[in-house]
Structure formats: C-alpha cells, structure tokens
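Novice: Dumping the structure here so I can ask a few things about it.
The values are calculated or read from the model by the stated rules, or taken from the named source; none is laboratory data. Given the structure is predicted, the values throughout are model-derived calculations rather than measurements. Note: ideal-geometry Cβ built from the backbone for every residue, glycine included; neighbour counts use all protein chains shown.
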Amino acid sequence: MTIPLSRRVRRVSLSANAAAKLKTTALREAGRDILDLTTGEPDFDTPEHIKRAACAAIAAGATKYTPTAGVRALRQAVQRKLSGENRLDYPLAGIVVANGAKQIIFNAFAATLDEGDEVLVPVPYWPSFPDIVRFNDGTPVFLECPLEQRYKLTPAQLEAHIGPRTRWLILNSPGNPSGALYDEAELAALAAVLRRHPQVLILLDELYEHVRFDARPPQGLLNVAPDLQARSLLVGGVSKTYAMTGWRVGFGAGPEALATAMTVVQSQAASGASSVGQ
Ligand SMILES: Cc1ncc(COP(=O)(O)O)c(C=O)c1O
C-alpha cells in the first residue's frame with residue numbers, strides 16, 4: 001500500500017545534517033577514513049562531573065515524567081545563567097526547557113505561524129531553520145549574506161525584506177555554519193530597523209555562545225536593545241557548550257505568553273524533556 005503522506009511532511013526532507021551524517025557513518029563502517037564535519041558535534045566528551053550527576057540522578061529515582069516546561073531546578077539554573085552571564089532578567093514563567101534547542105525552535109514556530117506567515121532566514125543558515133518553518137505552514141524568506149558582508153545581515157537588507165506577512169527574524173550568532181558573530185554596532189543598527197516594525201518577533205539562536213576564540217563576555221541583541229526583549233525568544237542549550245548533543249536538553253527564554261503556547265505544543269508532542277538529562 002502507498003502510505004498517503006501529509007502535505008506538511010511532503011514540504012520537508014530528512015534533516016540535511018542527519019542525512020549527511022547517515023552517509024558518513026555508512027562510509028566509516030565501510031572502512032573509509034572520514035573526517036566528519038556534518039553535524040555540530042563538539043570535539044570533547046561530556047565532562048565527568050555531568051556524567052556522575054546523571055548516574056546519581058538515576059540512583060536517586062529521577063526517572064519519572066517531568067513537568068512539561070522543564071524541571072524547576074533547571075529552569076531556575078537557566079534563569080541564573082541568563083542574569084549572571086548574559087545580564088538578562090526573565091521571570092521563571094518565561095523560561096521553558098525542551099528536547100534540545102531544536103525542539104524549542106519547533107515549538108515557537110508551531111505556536112505562532114499560520115499559513116503564509118514569513119520568517120526571515122539569513123543565508124548561510126543551519127538547514128533545519130527553513131524546514132521547521134515550512135513544516136509549521138510558514139514561508140522562509142532567504143536573505144543572502146555573502147562573504148563580502150562577512151556572512152552577516154545588513155540593516156538595509158533587513159528593512160528591504162520586512163513585509164506585512166513577516167512574523168519572525170532568525171538571528172543566529174555565533175552563526176552556524178559561518179561562525180559569524182555580530183558586534184555591538186551591528187546589533188544596534190539591526191535593532192533600529194526592528195523598532196520600526198513592532199510586529200516582527202525575533203528568534204535569537206545563541207546555541208554556540210561559548211564556542212568562541214576570545215574571552216569577551218557574550219554580547220547579544222538584547223544587551224544593546226533591551227526594549228526588544230518583550231518580542232524576542234532567546235534560544236540556548238547544553239549541546240555545544242557541554243558536549244551533550246545526545247542528552248537532548250535546550251531552553252528558550254521569552255515573553256510569558258509565548259512560553260505558555262510553546263508549552264502547549266511541547267505537551268502534545270513530547271511531554272517534558274528527559275528527566276536524567278535535565
Ligand atoms: C544553530 C543551531 N541551532 C540549534 C541547533 C539544535 O541544537 P540541539 O542539539 O540543542 O537541539 C543546532 C544544532 O546543530 C544548531 O546548529
């Protein structure tokens with residue numbers, strides 16, 4: 001029998017990263033010497049103290065369902081991290097945890113996009129951004145950011161692409177795959193454009209914030225434009241910082257109404273993230 005597939009699933013393909021990973025794994029198993037750059041896998045192992053904490057959590061019985069938005073102690077830890085390290089204050093109700101940053105992004109788009117809503121995606125991009133948009137009925141709008149502009153979005157480009165259907169801008173800094181990092185002046189210039197378009201939500205993917213070659217404290221859009229916090233979703237996680245890609249823990253911080261809607265999506269898609277990982 002031919003399985004009738006939904007329009008939704010026909011709009012997307014197996015994550016390009018996952019597909020490339022399958023290929024490199026198969027080649028490796030066939031004995032080929034492969035340098036695998038397909039997925040963003042850190043080159044160190046999950047630190048020992050984290051592994052020990054997970055074993056202790058299992059021994060202590062932390063093996064049951066967790067609250068849909070994440071266990072309180074982890075959400076409080078995220079709250080402390082954001083205020084201490086990123087100098088951004090959030091109420092606990094604005095902080096949600098999911099199965100990786102990917103599910104946070106999925107939940108956000110599932111909770112806010114209707115058919116035809118546009119999401120601005122600077123190019124080059126992490127391949128899942130546009131597919132998650134498409135899966136959730138949105139339309140990705142690509143903004144080419146070539147080497148000549150150091151793979152970064154310019155204010156003029158942003159202004160030119162915002163239209164009546166623009167629902168979100170994705171800003172991924174440090175960027176995957178380019179590594180591009182926006183500086184304060186660039187962020188301030190983008191913020192000035194965004195202030196002229198109060199209907200646009202901003203997805204700040206800072207998953208790679210600790211993969212840096214200098215020791216400066218992280219500087220994000222919301223540090224230079226705190227007024228945009230009320231319509232931004234800050235996305236982070238443990239995958240890259242602590243080499244915990246397989247543990248599936250990510251977080252989002254944003255307006256309470258968005259966090260609540262994302263929790264509704266999470267509750268029907270997966271329930272709370274893994275107890276042991278959290
Ligand atoms: C830019 C970016 N955002 C989000 C993710 C998803 O990360 P996670 O493992 O936390 O789901 C990745 C993974 O590679 C990524 O590169």
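Novice: Are there any helices (runs of 4 or more DSSP H) wholly within segment 15-91 with 3 or more residues that are under 22 Å from Ala273 (Cα atoms), and if so which? Outline the logic, then answer.
Specialist: On the way: elements: 16-29, 48-59, 72-84.
Counting at least 3 such residues, we get 48-59, 72-84.
Novice: Here is a check on your reading of the model: is Leu5 part of a loop (DSSP other than H, G, I, E, B), without any contact (Cβ under 8 Å) to a residue 24 or more places away in the chain and within 16 Å of the ligand (Cβ to nearest atom)?
Specialist: Details: part of a loop (DSSP other than H, G, I, E, B): yes; without any contact (Cβ under 8 Å) to a residue 24 or more places away in the chain: yes; within 16 Å of the ligand (Cβ to nearest atom): no.
When the stated conditions are applied, Leu5 does not pass them.
Novice: Being of a type in the set (Ser, Thr, Tyr) and surrounded by 13 or more Cβ atoms within 10 Å (Cβ to Cβ) is the filter here; which residues of segment 1-38 pass it?
Specialist: So in segment 1-38, the residues of a type in the set (Ser, Thr, Tyr) come out as 2, 6, 13, 15, 24-25, 38.
Within segment 1-38, Ser15, Thr24, Thr25, Thr38 meet the criteria.
Novice: Residues being within 18 Å of Val224 (Cα to Cα) and touching a residue at least 60 places away in the same chain (Cβ under 8 Å): count how many of those fall in segment 76-100.
Specialist: Kept after step one, since they are within 18 Å of Val224 (Cα to Cα), are these residues of segment 76-100: 82-90.
Adding the requirement that they be touching a residue at least 60 places away in the same chain (Cβ under 8 Å) leaves 82, 85-88, 90.
Summing the residues that are within 18 Å of Val224 (Cα to Cα) and touching a residue at least 60 places away in the same chain (Cβ under 8 Å) in segment 76-100 gives 6.
Novice: Please verify whether Leu171 is surrounded by 18 or more Cβ atoms within 10 Å (Cβ to Cβ), touching a Cys at 6+ places or on another chain (Cβ under 7 Å) and outside any helix (DSSP H, G or I), treating the condition exactly as stated. Working first, answer last.
Specialist: On the way: surrounded by 18 or more Cβ atoms within 10 Å (Cβ to Cβ): yes; touching a Cys at 6+ places or on another chain (Cβ under 7 Å): no; outside any helix (DSSP H, G or I): yes.
No: the conditions fail for Leu171.
Novice: Now for a different question. Within segment 104-134, track down each residue that is away from the ligand (no atom under 15 Å from the Cβ), in contact with a helix residue (DSSP H, G or I) (Cβ under 9 Å, 6 or more places away or on another chain) and not in a helix (DSSP H, G or I).
Specialist: Leu113, Asp117, Glu118, Leu120
Novice: Would you mind finding the one in Tyr90, Tyr125 that is over 20 Å from Thr260 (Cβ atoms), surrounded by 14 or more Cβ atoms within 10 Å (Cβ to Cβ) and in contact with a strand residue (DSSP E or B) (Cβ under 9 Å, 6 or more places away or on another chain)? Full working, then the answer.
Specialist: Working: Tyr90 fails: over 20 Å from Thr260 (Cβ atoms).
Just a single option satisfies the conditions, and that option is Tyr125.
Novice: Kindly provide the set of residues from segment 112-152 that are in contact (Cβ under 8 Å) with a residue 24 or more places away in the chain and polar (S, T, N, Q), ordered by number.
Specialist: Thr112, Ser128, Asn136, Thr139, listed by residue number.
Novice: Right, here's the next one. Going through Gly70, Gly100, Gly61 one at a time, which residue ends up being at positive phi, surrounded by fewer than 14 Cβ atoms within 10 Å (Cβ to Cβ) and at pLDDT 95 or above? Full working, then the answer.
Specialist: Values: Gly70 fails: surrounded by fewer than 14 Cβ atoms within 10 Å (Cβ to Cβ); Gly100 fails: surrounded by fewer than 14 Cβ atoms within 10 Å (Cβ to Cβ).
Matching residue, one of Gly70, Gly100, Gly61: Gly61.
Novice: How many residues are closer than 28 Å to Glu186 by Cα and touching an Asp or Glu at 6+ places or on another chain (Cβ under 7 Å) if we restrict to segment 218-264?
Specialist: Of the residues in that region, 7 qualify.
Novice: Next up: Anything in segment 46-58 that is surrounded by 10 or more Cβ atoms within 10 Å (Cβ to Cβ) and under 19 Å from Ser239 (Cβ atoms)? List them, or say none. Steps first, answer last, please.
Specialist: Narrowing segment 46-58 to residues surrounded by 10 or more Cβ atoms within 10 Å (Cβ to Cβ): 46-47, 50-58.
If the condition is that a residue be surrounded by 10 or more Cβ atoms within 10 Å (Cβ to Cβ) and under 19 Å from Ser239 (Cβ atoms), then Thr46, Pro47, Ile50, Lys51, Ala53, Ala54, Ala57 are the ones that fit.
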